[in-house]
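The values are calculated or read from the model by the stated rules, or taken from the named source; none is laboratory data. Just so it is clear, the structure is predicted and the values come from calculations on it, not from any experiment. Glycine also receives a Cβ, built like all others from the backbone with ideal geometry; neighbour counts cover every protein chain displayed. Areas reflect the complete protein model, heavy atoms only, side chains present, ligands, DNA and RNA absent. Shrake-Rupley method; radii C 1.70, N 1.55, O 1.52, S 1.80 Å.
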Amino acid sequence: MAANNVALVTGGNGGIGSAITRRLVSDGFRVIVAYSPAEESAAQKWYRAEEYSEKDVILLPMDVTDTNGCERSINKILATEKYIDVLVNNAGITRDAAFKKMSASQWVDVINVNINSLFNVTRPLFPAMCERGYGRIINISSVNGLKGQFGQVNYSTSKAGVIGFTKALAAEGAKVGVTVNAIAPGYTGTPMVEAMKPDVLAAITEEIPVRRLATPDEIAAAVSFLASREAAYITGETLSVNGGLYMR
Ligand code: CAA
């Protein structure tokens, strides 16, 4: 079956997402970058700064928390692109607070963006991948979904959920050539991590055996591998890229 070489990356203009987009473009994919409509001007600015053209990257405003909106957007893309080879569910947020102080909106926002998005974006794409007999779905989890993190009951819950979603969907896609895997990045040099209090981040960095943050490119390299045809026999797996911070 001929490759179409189209990838959809949610949050593909963000901290890790930008590096994933750049890497998939250099691997020969045309990348549809789904960005939050609330970040319209930042997304346009990013596109210009990266000097992309429509043959490399297409910007798609899509609120990943809006079930009907995602279905409409994705059906429109499928009508023009025919196939999406690779889906990277990367969009994610943090709303850190000690659980005692966590508000309902901090809980709900994280669950909506980090978990409900998986249904909203993957559900309209998965049947087409199965019918075609090819697909690569890569979900971005986190070291903190594996080990738990003080101040992140919401985020750790969501990122652990990403792994359950990955394994269950992998079971459904396996016999028709659709692989579903997760990547669990450690602390990575992005605005999300840089927003942490410097003393808290310094204390965490000291515990990382490699003694530094990951670069976004190091996460993107793992995505590139799982998105490749060579990764056909890997499914339901969670690949940790965490500098040894948490070893299972
Ligand atoms: N374990 C146990 N206790 C801890 C703790 C820890 N890791 N961290 C803090 N505490 C304790 C403190 O000692 C303090 O105790 P006392 O009240 O007895 O003095 C209490 O908890 C409150 O701590 P803070 O002063 O830090 O509380 P705060 O309200 O100012 O801040 C917080 C809370 C924002 C959650 C802050 O602790 C924090 O930023 N924690 C780290 C969260 C984190 O790792 N976020 C990762 C973001 S990046 C990301 O998520 C990407 C990815 O995938 C890795």
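Within the stretch 163-174, the set of residues being surrounded by fewer than 23 Cβ atoms within 10 Å (Cβ to Cβ) and under 22 Å from A222 (Cα atoms) comprises I163, G164, F165, K167, A168, L169, A170, A171, G173, A174.
In the stretch 222-233, of all residues being touching a helix residue (DSSP H, G or I) at 6+ places or on another chain (Cβ under 9 Å) and of a type in the set (A, V, I, L, M), the one that is nearest to the ligand (Cβ to nearest atom) corresponds to V223. Whether any residue in the stretch 221-229 is modelled with pLDDT of 95 or more and in contact with a Gly (Cβ under 7 Å, 6 or more places away or on another chain) is what I want to check. For the stretch 221-229, residues modelled with pLDDT of 95 or more and in contact with a Gly (Cβ under 7 Å, 6 or more places away or on another chain): absent. Can you find a residue that is in a helix (DSSP H, G or I), within 19 Å of the chain's Cα centre (by Cα), closer than 21 Å to G92 by Cα and within 11 Å of the ligand (Cβ to nearest atom) anywhere in the stretch 212-221? Checking the stretch 212-221: at least one residue is in a helix (DSSP H, G or I), within 19 Å of the chain's Cα centre (by Cα), closer than 21 Å to G92 by Cα and within 11 Å of the ligand (Cβ to nearest atom). Which residues, counting only those in the stretch 80-99, are more than 9 Å from the ligand (Cβ to nearest atom), open to solvent by less than 30 Å² (accessible area, probe 1.4 Å) and farther than 16 Å from I58 by Cα? Within the stretch 80-99, N89, N90, A91 qualify. Among the conditions (1) more than 10 Å from the ligand (Cβ to nearest atom); (2) over 16 Å from T122 (Cα atoms), the only one that A174 does not satisfy is (2).
Residues of the stretch 132-168 that are more than 12 Å from the ligand (Cβ to nearest atom) and of a type in the set (S, T, Y): Y134, T157, T166. Taking the criterion of being over 16 Å from I16 (Cβ atoms) and either among the small types (G, A, S) or part of a loop (DSSP other than H, G, I, E, B) (or both), the residues of the stretch 222-244 that qualify are S228, A231, A232, Y233, I234, T235, G236, E237, G244. Is at least one residue of the stretch 102-118 within 13 Å of the ligand (Cβ to nearest atom), of a type outside the set (A, V, I, L, M, F, W, C) and open to solvent by 10 Å² or more (accessible area, probe 1.4 Å)? Checking the stretch 102-118: at least one residue is within 13 Å of the ligand (Cβ to nearest atom), of a type outside the set (A, V, I, L, M, F, W, C) and open to solvent by 10 Å² or more (accessible area, probe 1.4 Å).
There is no residue in the stretch 176-190 that is out of contact with any strand residue (DSSP E or B) (no Cβ under 9 Å at 6 or more places or on another chain) and open to solvent by 20 Å² or more (accessible area, probe 1.4 Å). Of all residues in the stretch 191-226 being of a type outside the set (S, T, N, Q) and in contact with a Phe, Trp or Tyr (Cβ under 8 Å, 6 or more places away or on another chain), which is most open to solvent (accessible area, probe 1.4 Å)? Top of the filtered list is L213. Of the residues making up the stretch 167-187, just one is within 25 Å of D85 (Cβ to Cβ) and of a type in the set (S, T, Y), namely T179. Cβ-Cβ contacts under 7 Å between residues 6 or more apart (or on different chains), taken from a first residue in the stretch 180-197 that is assigned to a strand (DSSP E or B) to a second residue that is near the ligand (Cβ under 7 Å from one of its atoms), are listed as A184/S142; A184/V143; P185/S142; P185/V143.
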